[in-house]
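The values are calculated or read from the model by the stated rules, or taken from the named source; none is laboratory data. Remember, it's a predicted structure, so these values are computed and weren't measured experimentally. Cβ placement follows ideal geometry from the backbone for every residue including glycine, while neighbour counts extend to all protein chains displayed.
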Amino acid sequence: MATSKQGSRFASLRAVGSCFNLGYAFSGDIIRKSIDSGASPLTAGYGVWSLVFCAGSIPNICFCRYRLFRNRTFAAFRQKGWPRETLFGVLMAVIWLSGLLLYGAGVTLAGRFGSSTGFTLFLTMSVLSSTVLGVFAGEWKSTSQRTRGLLALGVSAMVLSVVVLNLGGLFS
């Protein structure tokens with residue numbers, strides 16, 4: 001029973017992650033009006049991101065506060081080393097937001113299939129870069145050979161899926 005609850009919880013988190021792309025994919029009018037108002041195609045999506053991030057921040061902040069209260073983990077913010085950890089969190093946020101801004105510029109320039117292939121590529125690159133950084137940081141050292149093999153298989157499947165998805169756009 002715990003596994004099905006955990007699986008459904010993670011499925012809902014994945015759905016929330018794709019809402020950023022849905023917000024961007026269905027924002028054609030905002031982007032067109034931005035361009036008509038003088039924005040370049042590379043920056044026309046900034047108006048969309050401001051709406052999507054503001055709306056998306058509300059449930060994210062509420063959920064984080066809920067979990068901090070429920071788990072009674074607010075005290076972790078007063079532990080030794082919290083400024084360094086906070087700096088890393090802010091750095092991760094800046095890198096992630098920079099990636100989304102670049103994704104938005106690429107989607108606008110890619111045309112009809114930009115939001116489908118671009119979001120897949122964006123998520124794949126996020127997972128691959130964090131996996132590579134984790135390998136270099138030694139996070140996978142204590143895992144079994146089987147686990148590292150599954151990691152390699154998963155990474156290979158992601159790369160293959162991006163290649164297939166992008167090749168599929170050539171034939172339609």
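Results, tabulated for the structure shown:
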quantity	calculated
Close pairs (7 angstrom Cβ cut-off, 6 or more residues apart or separate chains): without any contact (Cβ under 8 Å) to a residue 40 or more places away in the chain in region 23-38, outside any loop (DSSP other than H, G, I, E, B) and among the small types (Gly, Ala, Ser) anywhere	ILE30/GLY47; SER34/GLY47
From the options ALA44, ALA76, residue that is modelled with pLDDT under 85 and under 24 Å from THR120 (Cα atoms)	ALA44
Some residue of region 109-124 being loosely packed, with under 13 Cβ neighbours inside 10 Å, hydrophobic (A, V, I, L, M, F, W, C) and modelled with pLDDT under 85	yes
Which listed residue, of SER98, SER129, SER156, is polar (S, T, N, Q), part of a helix (DSSP H, G or I) and surrounded by 12 or more Cβ atoms within 10 Å (Cβ to Cβ)	SER129
Any hit, region 85-93, residues being loosely packed, with under 13 Cβ neighbours inside 10 Å, under 20 Å from GLY47 (Cα atoms) and assigned by TED's automatic domain parsing to the domain that holds CYS54	yes
Where THR143 falls short, out of the listed (1) in a helix (DSSP H, G or I); (2) without any contact (Cβ under 8 Å) to a residue 40 or more places away in the chain; (3) not basic (Lys, Arg)	(1)
Residue that is surrounded by the most Cβ atoms within 10 Å (Cβ to Cβ) [pool: residues in region 139-153 that are among the small types (Gly, Ala, Ser) and over 23 Å from the mean Cα position of the chain (by Cα)]	GLY149
For GLY81: the one exception among (1) touching a residue at least 40 places away in the same chain (Cβ under 8 Å); (2) on the phi > 0 side of the Ramachandran plot	(1)
Search result, residues across region 22-75 that are part of a loop (DSSP other than H, G, I, E, B) and either on the phi < 0 side of the Ramachandran plot or buried (at least 16 other Cβ atoms within 10 Å of the Cβ) (or both)	PHE26, SER27, SER37, ALA39, SER40, PRO41, LEU42, THR43, ALA44, GLY45, ASN71, THR73
